[in-house]
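Q: Take a look at the following structure, please.
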C-alpha cells in the first residue's frame with residue numbers, strides 16, 4: 001500500500017510538471033499570436049489547402065511565427081476575415097481593407113480602419129472611379145493587396161544608419177519605462193517601418209512595371225507601355241543601384257505626396273503637372289534635391305522617351321500599327337496628351353537618329369570595303385617583292 | 001636622352017642599323033596622340049557602361065553603385081583632358097612652325113580627289129601602282145577631318161549634358177542621341193579604319209611602332225609617300241625637319 005501511495009504521489013508530481021509545462025507552452029503561444037478564436041487549431045498545419053474550381057492552388061496554412069512578426073500580427077483573424085462563423089467556412093467575404101477592426105485607433109478612440117486611405121485610393125488614377133465615371137475593365141485595376149502583402153517588421157536596424165549600438169540605445173530608452181521588450185520592439189518597429197523605404201528602387205520599378213509594361217492591358221485604358229522609362233538615364237542609375245536613384249515614385253509620388261493619391265498629370269495637384277514640375281525636379285519638400293538648379297525649360301521637358309502615342313500620331317496610316325490590338329483609345333488619348341510641339345520634337349529626334357544610322361552604315365560600310373581592297377592589294381604587293 | 005631613345009629604337013626597330021629614317025610624328029605630336037588615345041579608351045569604356053544589358057550590370061554585385069560613381073568621375077576627367085588636348089592642338093596648328101606645316105599639309109586639295117580615284121583603280125588592278133602621295137593622303141585627311149568633327153560634336157554635346165539643368169530638355173534629348181550615336185560611329189571608325197591601318201595591314205602586323213618612335217624607314221617612305229619623299233630630298237630646309245640621320249651618328253633631331 002505504501003509503495004502504491006508513493007507511486008501516486010510521484011505520478012501526481014509528474015502530472016503537475018506536465019501541466020505546468022503545457023500551460024507555459026500555451027501561454028508562450030498566445031503571446032506570439034492573439035488567437036483567441038483558435039483558428040490555428042487547424043490552420044497551423046502546413047499541408048492545409050485545396051485546389052479551387054480553376055485549378056489554382058489555395059494555401060490556407062498560417063505560419064504563426066511569420067504572421068506574428070508582420071504588421072498585422074496583433075490582429076485577430078476575424079477582424080479582417082469577416083463571416084468566418086461556421087465550419088466548414090461558407091459565406092466568407094473577401095477581405096476589405098476599408099472595414100473597421102476592433103482595435104482602437106489611439107488618437108480618436110474610434111475603431112481602426114484603413115478607409116481614409118481606401119477612399120483616397122478610389123479617387124486616384126488606380127481607383128475604379130465613381131459610379132458616373134466608372135472605368136472600363138475594372139479587373140485590370142490594382143487592389144490594396146496587389147502592392148501590400150502584409151509585410152514583415154524587419155529587425156530594428158537601418159533607420160539610424162547601420163549602427164546597431166545606436167538602435168539598442170534608442171530601444172533601451174523606450175524600455176526604461178515600457179518594460180515588456182516584446183511590446184517595445186513592436187512599437188518601435190511600428191514607427192521605424194514608416195521611416196524607411198520598404199522596397200528598393202528596382203523593386204518599385206518591378207512592381208509598377210508588372211502592370212504598366214503590359215502593352216495590351218495599358219492599351220485597354222488608353223495608356224502606353226512604360227518601357228519608355230527604361231530608355232532614360234534615371235533607369236540606368238536604378239540598375240546600378242545608385243543611392244536615391246529616381247524610380248517611378250520618385251517623380252510620381254515625391255516627398256509630401258501619397259502613393260494612394262496618384263492623379264493624372266492634368267490634375268493641378270499632380271507632382272508632374274507642368275506647374276509643379278520645377279519643384280518636383282529641384283527640391284522635393286526640402287528633403288531631396290536631384291536637380292537643384294532646374295529651370296522651367298528643363299523641368300517641363302519630356303522625361304520618358306517617346307513611345308507608342310508619338311509613333312501612332314507620327315505615322316501616316318495608324319491602322320498598320322493597330323493590327324491585333326484595340327488601340328483606338330490610345331489614338332484618341334494620344335491627340336489629347338501630345339502637344340503639336342512634342343510631336344515635332346519626336347519627329348526631329350527620329351530624324352537625327354535615322355540620319356546617324358544611315359551615316360554609320362554608309363561610313364563604316366565604305367571603310368570596310370576600302371580596307372578590304374587595301375588588304376588584298378597590300379598582300380599582293382608584299383608577295384611580288 | 002639620346003641613350004634612352006636608342007634603347008627605344010633597338011627594342012622596337014631591329015633594322016635600325018644602316019637605314020635612314022624620316023620623322024612622321026615629332027615628340028610633341030606623339031605626346032598629343034598618347035594623351036588622346038588614353039582619353040579615348042577611358043571615355044569609350046566608361047561611356048558604353050551605360051549601355052550594358054541589365055544582367056551584365058547585375059554581375060557587378062553590390063559594388064555597382066561605387067562603380068557607377070567612379071565611372072561618372074572618370075568619364076568627366078577624361079572628357080576634360082581630351083577637350084584640353086584638342087584645344088592645345090588648335091593652338092599648336094596656329095602658332096607653332098611644325099603645326100602650321102601640319103595644317104598646310106592637311107588641308108584638302110584637288111589632288112586628293114584624283115588620288116582617291118587613282119587608288120581605287122589600283123585596288124581594282126586597273127593600274128600598276130597607286131598614285132604618289134604627299135605627306136598626308138586622302139584617307140588620312142578624311143580620318144583627321146572625322147576626328148575633328150567627332151571631337152567637336154562629342155565635346156559640345158558632352159558639355160551640354162554635363163550642365164543639363166541650364167538647357168531645355170529637347171536640346172538635351174538631341175545631345176543624348178548625338179553623343180551616343182557619334183560614340184558608336186567613332187569607335188567603329190577607329191576599329192575599322194585606324195586599327196587596320198596600324199595593326200592589321202600586312203606590313204604593319206602586329207603593330208606599327210610609329211606612334212612610339214615617330215619614325216618611318218626610308219624605303220617605306222619612298223613607297224608610301226613618294227611625293228613627300230621627293231619634296232624633302234629636293235629641299236634642304238625640309239631635309240632639316242624630316243630627315244633623321246643614321247642613328248650611329250648620334251643624331252639629335254629626333255625631338256624635332
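We did not get these values from a lab; they are worked out from the coordinates using the rules stated. Every value quoted in this text rests on a predicted model; they were computed, and no experiment measured them. Neighbour counts run over all protein chains shown; Cβ positions are idealised from the backbone, glycine included.
Q: Dividing the alpha-carbon radius of gyration of region A:138-294 by 2.2 N^0.38 Å (N being the number of residues), what value is obtained?
A: 1.26
Q: Let me ask you something else. Summarise the partner chain shielding of B:162-172 as one whole number: the mean count of Cβ atoms from other chains within 10 Å of each residue's Cβ.
A: For this peptide, the per-residue mean of nearby foreign Cβ atoms is 5.
Q: Compare the peptides A:363-373, A:240-250 by average per-residue count of other Cβ atoms within 10 angstrom and give them in order, highest first.
A: Taking the mean over residues of other Cβ atoms within 10 Å, the ranking is A:240-250, A:363-373.
Q: Please list the equivalent ellipsoid semi-axes of region A:243-314, computed as the square roots of five times the alpha-carbon gyration tensor eigenvalues, in descending order and whole angstrom.
A: 21, 15, 12
Q: Work out the FRET efficiency for residue B:100 and residue A:244 from their Cβ-Cβ distance, taking R0 = 41 Å, and round it to the nearest 0.05.
A: According to the calculation, E is roughly 0.20.
Q: For residue B:129 paired with residue A:175, estimate the spin-label separation in nm (one decimal), with each label point 7 Å from Cα along the Cα-to-Cβ line.
A: So the two model labels end up 9.5 nm from each other.
Q: Using a Gaussian network model of chain A with C-alpha springs under 10 Å, which one of A:91, A:56, A:273 is most mobile by mean-square fluctuation?
A: Of the options given, A:56 has the highest mean-square fluctuation.
Q: Which three extents, in whole angstrom, do the alpha-carbon atoms of region A:67-203 cover along their principal axes, largest first?
A: 55, 41, 31
Q: Would you calculate, for chain A, the mean residue ellipticity at 222 nm contributed by helices, counting each DSSP H stretch of 4 or more residues as -39,500 (n - 2.57) and dividing by all residues, to the nearest 500? Numbers along the way, then the final one.
A: Numbers: 18 runs with 189 residues, N = 385.
It lands at -14500 deg cm²/dmol.
Q: Turning to a different aspect of this structure: Using helices alone, what [θ] at 222 nm do you get for chain B, with -39,500 (n - 2.57) per DSSP H run of 4 or more residues, divided over all residues and rounded to the nearest 500? Intermediate results must be reported in sequence, preceding the final value.
A: On the way: 12 runs with 167 residues, N = 256.
After summing the helix terms and dividing by the residues of chain B, the value is -21000 deg cm²/dmol.
Q: Let me understand region B:49-107 better: what is its radius of gyration from the alpha carbons, and its Dmax, in angstrom?
A: Spelled out, the Cα radius of gyration and Dmax of region B:49-107 are 19.4, 54 Å.
Q: Kindly provide the pair-distance distribution of the protein assembly as shown built from C-alpha pairs, with 20 Å bins from 0 and whole-percent values in order of increasing distance.
A: 13, 33, 26, 17, 9, 2, 0
Q: With the contact rule set at Cα under 8 Å and sequence spacing of 6 or more, what percent relative contact order holds for region A:194-351?
A: 23 percent.
Q: For region A:56-127, evaluate the Debye formula with one uniform point scatterer on each Cα (no solvent term) and list log10 I(q)/I(0) at q = 0.17 Å⁻¹, rounded to two decimals.
A: -0.87
Q: Further question: What ranking do A:97-105, B:127-135 get when scored by the average of other Cβ atoms within 10 Å per residue, highest first?
A: Top of the packing list down: B:127-135, A:97-105.
Q: Counting only C-alpha contacts under 8 Å and six or more residues apart, can you give the relative contact order of chain B as a whole percent?
A: Normalised by residue count, the contact order of chain B is 36 percent.
Q: Using only Cα positions of region B:69-153, each an equal point scatterer, no hydration layer, compute I(q)/I(0) via Debye at q = 0.19, 0.21, 0.23 Å⁻¹ and quote the log10 values to two decimals.
A: Treating every Cα as an identical point scatterer, log10 I(q)/I(0) equals -0.90, -0.99, -1.09.
Q: Could you compute the FRET efficiency for residue A:359 and residue A:42, with r as their C-beta to C-beta distance and R0 at 56 Å, rounded to 0.05?
A: Details: r = 71 Å, r/R0 = 1.27.
Efficiency, rounded to the nearest 0.05: 0.20.
Q: Using alpha-carbon pairs under 8 Å, 6+ residues apart, how would you state the relative contact order of chain A in percent?
A: That works out to 9 percent.
Q: Which length gain, in nm to one decimal place, applies between residue A:199 and residue A:85 when the Cα-Cα distance is subtracted from 0.36 nm times their residue separation?
A: On the way: separation 114, 0.36 × 114 = 41.04 nm, distance 3.66 nm.
So the chain would gain 37.4 nm between residue A:199 and residue A:85.
Q: Describe numerically, in nm with one decimal, the distance between label points set 7 Å from Cα along Cα→Cβ at residue B:87 and at residue B:165.
A: Simple spin-label model gives 2.3 nm for this pair.
Q: Expressed in nm², what is the orientationally averaged projection area of the convex hull enclosing the Cα positions of chain B? The partial results should precede the final answer.
A: Numbers: hull surface 72.7 nm².
Hull-based average projected area comes out at 18.2 nm².
Q: While we're looking at this one, here's another question. Hey, got the average number of other protein chain Cβ atoms within 10 angstrom for residues in B:57-66?
A: For peptide B:57-66, the averaged partner shielding equals 3.
Q: At a Förster radius of 22 Å, what calculated FRET efficiency corresponds to the Cβ-Cβ distance of residue A:187 and residue A:166, to the nearest 0.05?
A: Between residue A:187 and residue A:166 the formula returns 0.80.
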